[in-house]
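See structure below.
The values are calculated or read from the model by the stated rules, or taken from the named source; none is laboratory data. Not measured: the values here are computed from a predicted model. Neighbour counts are summed over all protein chains in view; Cβ atoms, including those assigned to glycine, are modelled from backbone coordinates with ideal geometry.
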Amino acid sequence: MTTFVITVPGTFVVSVTESLRASLKRKLAAQHTDLSKSEGLDLLTLNDDNTFSVRLEVNAADRYEAELSALGLMSKALRETGFAQKDALLGTPAVTGVDSPI
């Protein structure tokens, strides 16, 4: 297995309070560990226009599996935080980093 850092972009189409933002970060915190932190990557970046980027670490056999896993984790965290699917539109995930034994 390889550890991937996956960036999931998106747009909130509803207002995001500081409380909701903090709750979402808590839900995703376990997926943001030493690899992301050592690279200086923020877990959640929320822009003034309500676009956002989330960086998650996932273990997977390949890039495709890692991207699917990150989307699933992000969707679950949004639901558990109280966002409906239509409240946060997710974009195409991208590999931001890879930690693999060579």
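Just checking, does segment 8-20 include any residue being within 13 Å of the chain's Cα centre (by Cα) and hydrophobic (A, V, I, L, M, F, W, C)?
Looking only at segment 8-20, we keep the residues that are within 13 Å of the chain's Cα centre (by Cα), and these are 8-11.
Within this subset, residues satisfying the condition of being hydrophobic (A, V, I, L, M, F, W, C) are 8.
Scanning segment 8-20, I find at least one residue that is within 13 Å of the chain's Cα centre (by Cα) and hydrophobic (A, V, I, L, M, F, W, C), so the answer is yes.
Just name the residue that is nearest to T3 (Cα to Cα) out of those in segment 80-102 that are out of contact with any helix residue (DSSP H, G or I) (no Cβ under 7 Å at 6 or more places or on another chain) and surrounded by 14 or more Cβ atoms within 10 Å (Cβ to Cβ). Restricting to residues being out of contact with any helix residue (DSSP H, G or I) (no Cβ under 7 Å at 6 or more places or on another chain) and surrounded by 14 or more Cβ atoms within 10 Å (Cβ to Cβ), the top hit is T96.
To keep it simple, each residue is scored yes or no on (1) of a type in the set (F, W, Y); (2) modelled with pLDDT of 95 or more; (3) assigned to a loop (DSSP other than H, G, I, E, B).
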| position | (1), (2), (3) |
| --- | --- |
| G10 | no, yes, no |
| A29 | no, no, no |
| G40 | no, no, yes |
| V98 | no, no, no |
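From the list L56, L73, L68, L35, exactly one residue is more than 14 Å from A94 (Cα to Cα), at pLDDT 90 or above and not basic (K, R). Which is it? Spell out how you get there, then give the answer.
On the way: L56 fails: more than 14 Å from A94 (Cα to Cα); L68 fails: more than 14 Å from A94 (Cα to Cα); L35 fails: at pLDDT 90 or above.
Result: L73 is the single residue among L56, L73, L68, L35 that is more than 14 Å from A94 (Cα to Cα), at pLDDT 90 or above and not basic (K, R).
Only one of the listed residues (R21, R55) is touching a strand residue (DSSP E or B) at 6+ places or on another chain (Cβ under 9 Å) and not in a helix (DSSP H, G or I). That residue is R55.
Within segment 69-102, being farther than 30 Å from S19 by Cβ and among the aliphatic types (A, V, I, L, M) holds for V95, V98, I102. Restricting the search to segment 58-75, which residues are outside any strand (DSSP E or B) and within 13 Å of the chain's Cα centre (by Cα)? Correct list: A66, E67, L68, S69, A70, L71, G72, L73, M74, S75. Selection of first residues in segment 46-68 that are touching a residue at least 40 places away in the same chain (Cβ under 8 Å) and over 30 Å from S19 (Cβ atoms) and of second residues that are outside any helix (DSSP H, G or I) and hydroxyl-bearing (S, T, Y), restricted to Cβ pairs under 6 Å at least 6 apart or on distinct chains, gives the following pairs, ordered by first then second residue: N59/T3.
Taking the criterion of being in contact with a helix residue (DSSP H, G or I) (Cβ under 8 Å, 6 or more places away or on another chain) and over 16 Å from G10 (Cα atoms), the only residue of segment 60-79 that qualifies is A60.
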